[in-house]
Amino acid sequence: MTIKEFAQRLEVSTATVSRAFTPGARILPETRTLVLEQARLLGYAPNPSARNLARRHNHLIGLNCPGNSDMLADQYLIELARGVQNALLEESYGLLLNTLPRPDGDMELLHEWVYGHAVDGVVIVVPVDYPLETFCPFVSQDVPCVLIKQAREDGDCMLPAVEIDVAAGARAALMHLVRLGHREIGLITSSPSDAVRAIYQDVYTGVAGDAPVEDAGLVVETPSTIANGRTAMHRLLAAPVRPSAVFCRTDLLALGALRAARDMGLRVPEDLSIIGHDDLVLVELSDPPLTTVRVDTARIGREATRLLLDAMSRRKSDAGKMTGGVAVDPTSGRIPTVTVKSELIVRESTARPPLGPG
């Protein structure tokens, strides 16, 4: 039964029915009682989707990672999504994930979400290589957006953001290996634009002089999967300069590297030290437990949710200044940005090189 049919049965307006089901709406108590009692007797229930569409509010937040055709295959994104979800649950919001296999059309889907008001807000996890200007059109739209991205210096799109500063953790990881006595340190990375590459070159140059690490075969670039990490480690161990330690840009690559070491009869950490990145739940259970760089996905989720709900609240109340549709912090006059730094977590996969320092 539609609201129109139910209202006709009661000989009242659809507005009266709507107010009866809306807590706090102005309606005579006896009228509300009549409507609710008749609804129970006739089996009528309001359509929440239709009501939300009319109000442009449905208590749903969208989470999208452009360029990733299968979020559920990426353990890091799963943990990041869980961080956002847990923060939203405290505010009684649901989370809508983009898990559609549309690697070339996910921006079109984002537009559908934003323009069609399918969600109240959007959290966008931006890949390292993804151009930020892609999101500029969202600045002027009605649905607030918050970015989760690696700290970078290649532009801005005036949207609130949680920036992940990987520099602190990466440098700490590499210096940890240097202090243990390692001089030949390999890198398995997943992107040519990753800020960790510059940090690696800087640390390696400080240890070994102006060594051409790329030419020496100490850097391998590959997509972030366990299988690719295994293949990359085999390449490193066959390089002209064989590393005594390897820093992997993700924990998945590190787990593959660990498997490759065992393929070749090497013990970790006695013969080879390995460090990962992200501190996924599963790496503490690996054998040996993996030294890694922690990215606090729970905090990232909380901060992204806070920024998004704050932007939504400001827009409803018009309490803040607006810049192209984006709420500006009234205290600083800037687009809100939160930086979350990474940190090194030392476990059992790193040790001094087999022949000692030097």
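The values are calculated or read from the model by the stated rules, or taken from the named source; none is laboratory data. Given the structure is predicted, the values throughout are model-derived calculations rather than measurements. Counting neighbours? That spans all protein chains shown, and the Cβs are built from the backbone with ideal geometry, glycine included.
Results for (1) modelled with pLDDT under 85; (2) not in a strand (DSSP E or B), shown as yes or no for each residue.
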position: 100; (1), (2): yes, yes
position: 112; (1), (2): yes, yes
position: 115; (1), (2): yes, yes
position: 124; (1), (2): no, no
position: 128; (1), (2): yes, yes
position: 148; (1), (2): no, no
position: 154; (1), (2): yes, yes
position: 172; (1), (2): no, yes
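Quick one: in region 233-256, of everything that is of a type in the set (A, V, I, L, M, F, W, C) and closer than 19 Å to residue 199 by Cβ, which residue is surrounded by the fewest Cβ atoms within 10 Å (Cβ to Cβ)? Reasoning before the result, please.
As a first pass, look at region 233-256 and keep what is of a type in the set (A, V, I, L, M, F, W, C): 233, 236-239, 241, 245-248, 252-255.
If we keep only those that are closer than 19 Å to residue 199 by Cβ as well, we get 236, 245-248, 253-254.
Working: 236: 22, 245: 26, 246: 31, 247: 31, 248: 31, 253: 31, 254: 29.
Taking the candidates together, the pick is 236.
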- Exactly one of (1) out of contact with any His (no Cβ under 7 Å at 6 or more places or on another chain); (2) closer than 17 Å to residue 226 by Cβ; (3) surrounded by 14 or more Cβ atoms within 10 Å (Cβ to Cβ) is unmet by residue 260. Its number? (1)
- Message: Would you confirm, using the coordinates I've provided, whether residue 271 is in contact (Cβ under 8 Å) with a residue 12 or more places away in the chain, among the charged types (D, E, K, R) and crowded, with 20+ Cβ neighbours inside 10 Å?
- Response: no
- Residues of region 250-288 being β-branched (Val, Ile, Thr) and assigned to a strand (DSSP E or B), in sequence order, are 274, 275
- Message: Regarding region 64-81, can at least one residue be identified that is modelled with pLDDT under 85, assigned to a loop (DSSP other than H, G, I, E, B), over 22 Å from residue 118 (Cα atoms) and among the charged types (D, E, K, R)?
- Response: yes
- Message: Return the residues of region 151-189 that are closer than 24 Å to residue 303 by Cβ and among the small types (Gly, Ala, Ser); say none if nothing qualifies.
- Response: 151, 155, 161, 167, 168, 169, 170, 172, 173
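State whether the residues of region 20-33 include one that is in contact with a strand residue (DSSP E or B) (Cβ under 9 Å, 6 or more places away or on another chain), within 30 Å of residue 89 (Cα to Cα) and at pLDDT below 85.
If we filter region 20-33 for residues that are in contact with a strand residue (DSSP E or B) (Cβ under 9 Å, 6 or more places away or on another chain), which is where we start, we get none.
Checked against the condition, which is being in contact with a strand residue (DSSP E or B) (Cβ under 9 Å, 6 or more places away or on another chain), within 30 Å of residue 89 (Cα to Cα) and at pLDDT below 85, region 20-33 yields no hits at all.
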- Task: Kindly indicate the residue of region 168-193 that is in contact with a helix residue (DSSP H, G or I) (Cβ under 9 Å, 6 or more places away or on another chain) and more than 20 Å from residue 350 (Cα to Cα) and also surrounded by the fewest Cβ atoms within 10 Å (Cβ to Cβ) among those meeting that condition.
- Result: 191
- Message: Given the condition modelled with pLDDT of 90 or more and surrounded by fewer than 16 Cβ atoms within 10 Å (Cβ to Cβ), answer yes or no: does some residue in region 48-63 qualify?
- Response: no
